[in-house]
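Structure record follows, encoded as structure tokens.
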Amino acid sequence: MLGAPFTQTPVQGSCLEKPFDQVWVMLSKREHIQLVMDAKYWKTAHQRAVAREQWLELQKHQLLASLARYKAKLRGEFEQAQDLQRQSHQQQLQQGAQQRADLQAQLNEALAQVRDLRQRVFGRKSERSKAGGQAQSKDCHTPKPRGQQRGRHGHGRTTQAELPLRHETRDLASALCPKRGLDLQALCGVEDSRVVEIEVKAYAHDHNCRWLAWRGVR
């Protein structure tokens, strides 16, 4: 039931007058309650919206923080992987350098051995040619004769001390010189000489196979 409309003239000259202060609206009790309920409902909805917005903002900050932490973690793992790869590459370079140094040392040792062998093979001839004088180095294409060389002291006749000795005394068949036919005169003392003789004997080797003989008997 609507109430009787009424109007009231505001006080003239008031400083609180607004454009709608002089306009009066008549409402029923039901409409008033409905407006109050609507106002409370929308106020609550507004509070919920504000809370939801705050919660979403908080979730947003949490997601951004987690993304930042995950990004920092990925950056750290990437830098760690780069460090490990760099260390591995450095180790490989060091190993390669060490292997190269070892191979170079082996090569130098092999070259030194080759030089030493060459010096041993060819150095003696050059030293002998220098020691022998410049006369022998004029004709390099002439082959060097084997055996005892001229102008060099030999080691002498080799003594055969381990061979058994057999003494023989021989007389001259004739007392005349075989060339002129003159008489020979006796000398004081005797003339000794040593002859080394090698006796060569032939022999036959009889080879018997015991295994074949035993196998034939069986």
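Spacing of the modelled spin labels on GLN149 and GLN99, each 7 Å from Cα toward Cβ, amounts to 5.0 nm.
Provide SER174, SER28 in ascending order of the number of other Cβ atoms located within 10 Å of each residue's Cβ, fewest first. Can you show the working numbers first?
Details: SER174 8, SER28 11.
Placing the least packed residue first, the sequence is SER174, SER28.
Counting only aspartates and glutamates at least 8 places from LYS144 when in the same chain, those with an alpha carbon closer than 16 Å to its own are GLU127. Between GLN34 and GLN92, full extension at 0.36 nm per residue minus the direct alpha carbon distance yields a gain of 12.4 nm.
We did not get these values from a lab; they are worked out from the coordinates using the rules stated. A quick note: this is a predicted structure, and the numbers were derived from the prediction, not measured. Because the Cβ atoms are built from the backbone with ideal geometry, glycine has one as well, and the counts that use them run over all protein chains shown.
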